[in-house]
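The values are calculated or read from the model by the stated rules, or taken from the named source; none is laboratory data. Predicted model, so just to flag it, every value in this text is computed and none were measured. Here the Cβ positions follow ideal geometry from the backbone for every residue, glycine too, while neighbour counts run over all protein chains shown. Note: areas computed on protein heavy atoms with side chains; ligands, DNA, RNA excluded. Shrake-Rupley method; radii C 1.70, N 1.55, O 1.52, S 1.80 Å.
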Amino acid sequence: MSRTRIVKGKITEITGETSRIFAKSIKINSGRSINYYAKNYTYGEPQDPPEPNTKKLINSIISGYFYNKEGVYLGKIGAGNNVYITDQATFLEVQKGKDVGDKILNFTEKYGLNNEQLLDRANWAYAEGKGYAPDYYAFAMNNFKKVAGSEKEMYYWGMQDTDPDTKKVRRLEKDKYLSGVYENQSGKAFWNLRKELSKMTPEMQAEIAAVFKTQISPDDDPTNGSNQWRGGKGSGEMQLNAPPGSKYWHRFFKLKKSYSGQAKIITI
């Protein structure tokens with residue numbers, strides 16, 4: 001956009017305080033002379049222009065992490081912990097302060113999971129399956145949360161294993177397990193990239209996408225309602241249940257609300 005103003009006489013501008021001009025370049029042409037009158041002259045590095053009102057408004061409403069539906073991290077706007085799902089082109093438009101209408105899904109507002117909770121679930125699924133069958137872990141986890149009642153209770157009741165020394169069942173601390181403090185080190189790689197989301201591997205991105213799917217497409221549950229899994233390693237029957245090339249197996253099953261009893265649903 002351009003503007004041309006032609007005045008045959010004089011132009012006088014009076015500003016009570018400070019007058020600022022922002023431009024990529026400023027060109028002044030005079031047929032006679034250019035006169036400046038001031039007590040002091042100062043020069044410095046150019047400053048950034050103020051944000052347009054639209055961009056200020058959008059950034060005051062949107063604050064959090066952006067992903068596409070495949071779980072690929074796009075970037076962050078603001079300091080919030082919200083999760084938004086959109087595509088790369090739309091995210092770039094939002095960064096410029098443009099109104100994109102309904103092209104963004106506010107995942108946190110609609111489904112109640114913020115970015116930390118999203119990554120905790122994806123991290124847990126990765127620690128268990130290391131990228132294999134992400135939908136199974138994500139859906140079983142989400143189903144168990146309905147039984148447990150909250151995110152906190154889901155991890156408290158769900159994160160258990162057998163202590164290799166005492167051979168007794170023990171409860172695991174969520175952050176320690178996800179970061180690889182215990183014997184299972186699978187979650188450590190995911191944990192270490194949670195502050196560098198753009199470096200997530202395709203397998204890790206698939207775990208994030210699986211968590212999205214549990215909320216957006218709940219009817220696509222491949223576990224037939226399973227809300228727990230058990231696993232181990234070895235030979236014989238357990239080895240037969242393992243994916244090709246793997247020594248590990250997980251059997252998904254449905255746990256009753258009383259936390260007792262089980263009904264085998266599916267084995268992968």
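A few points about this structure:
- Residue in segment 89-109 that is out of contact with any Lys or Arg (no Cβ under 8 Å at 6 or more places or on another chain), in contact (Cβ under 8 Å) with a residue 24 or more places away in the chain, of a type outside the set (A, V, I, L, M) and surrounded by 23 or more Cβ atoms within 10 Å (Cβ to Cβ) present: yes
- Residue match in segment 60-72 (condition: among the charged types (D, E, K, R), surrounded by fewer than 18 Cβ atoms within 10 Å (Cβ to Cβ) and within 20 Å of the chain's Cα centre (by Cα)): yes
- Residue match in segment 121-130 (condition: open to solvent by 50 Å² or more (accessible area, probe 1.4 Å), at pLDDT below 90 and not in a helix (DSSP H, G or I)): yes
- Total residues in segment 68-88, condition among the β-branched types (Val, Ile, Thr) and free of Cβ contacts under 8 Å to residues at least 40 places away in the same chain: 3
- First in segment 127-151 and on the phi > 0 side of the Ramachandran plot and of a type in the set (Gly, Ala, Ser), second anywhere and modelled with pLDDT of 90 or more and in a helix (DSSP H, G or I), Cβ under 6 Å, 6 or more apart: GLY131/GLU203
- For segment 189-202, filtered to residues that are part of a helix (DSSP H, G or I) and buried (at least 16 other Cβ atoms within 10 Å of the Cβ), the residue that is farthest from the chain's Cα centre (by Cα) is ALA189.
- Boolean, ASP135 is open to solvent by 30 Å² or more (accessible area, probe 1.4 Å), closer than 20 Å to ASP219 by Cα, touching a helix residue (DSSP H, G or I) at 6+ places or on another chain (Cβ under 8 Å) and not aromatic (Phe, Trp, Tyr): yes
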